[in-house]
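In what follows, a single structure is set out as structure tokens and then discussed.
Read the figures in this text as sums done on the coordinates, not as results from a lab. Predicted model, so just to flag it, every value in this text is computed and none were measured. Here the Cβ is made from the backbone with ideal geometry for all residues, glycine too, and neighbour counts use every protein chain on show.
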Amino acid sequence: MTIHDELVLELIKRDKWGKPTGYIIQIVGSRNIKIRLEDLFYWRGHEQQMLGTYVEMTPDIVVTNLNSGKVTAIELETDIEWDFANSLRQIKKYRKNSKDFQDVVVIIPRKYERFGIVYKEEGFRVYFWEATRIWKCRCKKIIEDTRTIKPRCSSCRSTELEFNGIKDVKFEPFE
């Protein structure tokens, strides 16, 4: 389990009847949606056409609004080894493949808020996330921390902690 996995689960939460209840509703504007995770799409840009090849694209979440037919690609970035330039190149590929995606949304860590304006100026919708990580020590103590790095256990001073989930998750649009 990773922070990315936990954030995706939080985004696509469902009620006991299987209807979406998570933040995904705010992002796409409907509860009547179909969600696909890590779907593989192929893109054939100008350079690839000349070479006769395709580029693979795998958005984290692809949401189809069943009312309007609008398809949204959502890319979720974590705060572990995040690379802005790589992220921007990746979502630009999604937008170039406009026959599949009418909307592209990027969700970045709140601590990189200063990059939000750059995505927005490129024409992407931007959301920020923040969460508290839950760690479990080998001494069974539970530690909650918002930092990316593993904390040190206050009981046994160990750094051998296991990631055990997240809480207090917030997704907010860039305004």
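A few remarks follow.
- Placing dummy labels 7 Å off each Cα toward the beta-carbon, the span from Thr148 to Glu121 is 2.3 nm.
- Filter on Lys13/Lys167; Lys70/Lys92; Lys16/Lys140; Lys93/Lys120; Lys16/Lys141; Lys70/Lys93 - keep pairs with C-alpha separation over 21 Å: Lys16/Lys140; Lys16/Lys141
- The modelled label-to-label distance between Asp15 and Arg157, using points 7 Å beyond Cα along the C-beta direction, is 5.2 nm.
- In the chain, helical runs assigned H by DSSP with n ≥ 4 each contribute -39500 (n - 2.57); averaged across all residues and rounded to the nearest 500, the mean residue ellipticity at 222 nm is -6000 deg cm²/dmol.
- Relative to the current alpha-carbon distance between Gln26 and Tyr112, full extension at 0.36 nm per residue lengthens the span by 28.8 nm.
- In order along region 4-13, the Karplus-derived 3J(HN,Hα) couplings, from 6.51 cos²θ - 1.76 cosθ + 1.60 at θ = phi - 60°, round to 4, 4, 5, 5, 4, 4, 5, 5, 9, 3 Hz, and Gly and Pro are given as x.
- Folded to 0 to 90 degrees: helix 84-96 orientation relative to the chain principal axis, Cα: 40 degrees
- Protection-proxy order for peptides 106-118, 83-95, each taking the mean of Cβ atoms within 10 Å per residue, highest first: 106-118, 83-95
- Most tightly packed first, judged by the mean number of other beta-carbon atoms within 10 Å of their residues, the peptides 138-144, 121-127 read 121-127, 138-144.
- Positive minus negative residues near Asp83 (Lys, Arg vs Asp, Glu; Cβ under 12 Å): -2
- Take the Cα of Arg138, step 7 Å toward its Cβ, do the same at Thr2, and the gap between the two points is 2.5 nm.
- For region 3-130: relative contact order, % (alpha-carbon pairs under 8 angstrom, 6 or more apart): 17 percent
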